Amino acid sequence: MSHFKASIAILIVIAFLLVLTSIFTVTQGQQAIKLRLGRLVNKQGELQVLNPGLHIKTPFIESVRVFDTRIQTLDIKSSRIVTKEKKDVMVDYYVKWRISDLGRYFKSTGGNEFKAETLLEQQLNTSLRAQFGKRKISELITGGRDDIMSLLRDNAEQQASGLGVHVVDVRIKGIELPSNTSNAIYQRMRADMQKIANRHRADGQAEAEAIQANADAEVTVLIAQALSDGQALKAKGQAEAAITYSTAFNQNKDFL
């Protein structure tokens, strides 16, 4: 009897373990696929992707691979890129991506995130070199960065779709110049700014001289007009005085 009870207990434990190994949970932000003896499990000819929830698998025969389908960040450090002027620049940028087609992602990368990011980085570096090769450094600094990021995102999205990946965004964090390049560009920019400053200074001097000449001419005219008006008033005053003297003399000859 004791052997029977022990056997029942063992069977219960085995059944319990089988149930535990048969049931698994896929949480929010994840998807999973089942492998049967190392091969993908298909349902009606299509890969069966398991969405969040409670699922069952065959113990010891089927295994489960769970993948994070939330947005991931790939940070790419200091890629050396050549611009249109054949100048080297160091570019730091990052990519926001996520798994969009788990079946295609698994088939193209084996479910290896490092391989997926390596392929994605290679594609982006190729596009980045092509876009930077069409532009001068001044364009990249003054406003061409937004256009490049938009083009990179579109190109990366088209290419990454073959990996089962959706590219959410591509952002350039910084564009740095090597010391020899930055010094040459600084000197050239300084010379350009000096030319602009000299031109503005010359234009300002010419305008100042024109204003001074106009002011001098106006002063000369005003002085001449004032002298003319003064002489006229003086002559009028002298005439009125003569009339006054004459009238007074005629009234009283002893006035003088």
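Considering only the stretch 28-38, I want to know if a residue exists there that is loosely packed, with under 11 Cβ neighbours inside 10 Å, closer than 17 Å to D101 by Cα, out of contact with any Gly (no Cβ under 8 Å at 6 or more places or on another chain) and modelled with pLDDT under 85.
no
Inside the stretch 112-149, can you point out the residues that are outside any helix (DSSP H, G or I) and modelled with pLDDT of 85 or more?
N112
Matching residues to (1) in a strand (DSSP E or B); (2) assigned by TED's automatic domain parsing to the domain that holds K136; (3) farther than 17 Å from V26 by Cβ; (4) not aliphatic (A, V, I, L, M):
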position: H55; (1), (2), (3), (4): yes, no, no, yes
position: I76; (1), (2), (3), (4): yes, yes, yes, no
position: R80; (1), (2), (3), (4): yes, yes, yes, yes
position: V95; (1), (2), (3), (4): yes, yes, yes, no
position: S108; (1), (2), (3), (4): no, yes, yes, yes
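Quick one: in the stretch 101-124, which of the residues that are among the polar types (S, T, N, Q) and surrounded by fewer than 16 Cβ atoms within 10 Å (Cβ to Cβ) is farthest from K84 (Cα to Cα)?
If we take residues in the stretch 101-124 being among the polar types (S, T, N, Q) and surrounded by fewer than 16 Cβ atoms within 10 Å (Cβ to Cβ), then N112 is farthest from K84 (Cα to Cα).
Hey, among Q48, Q44, which residue is under 20 Å from S161 (Cα atoms), at pLDDT below 80 and not assigned by TED's automatic domain parsing to the domain that holds Q131?
Result: Q48 is the single residue among Q48, Q44 that is under 20 Å from S161 (Cα atoms), at pLDDT below 80 and not assigned by TED's automatic domain parsing to the domain that holds Q131.
Which one of I211, I243, I196 is modelled with pLDDT of 85 or more, over 30 Å from R135 (Cα atoms) and aliphatic (A, V, I, L, M)?
The match here is I211.
The values are calculated or read from the model by the stated rules, or taken from the named source; none is laboratory data. Predicted model, so just to flag it, every value in this text is computed and none were measured. Glycine gets a Cβ as well: all are built from the backbone with ideal geometry, and neighbour counts include every protein chain shown.
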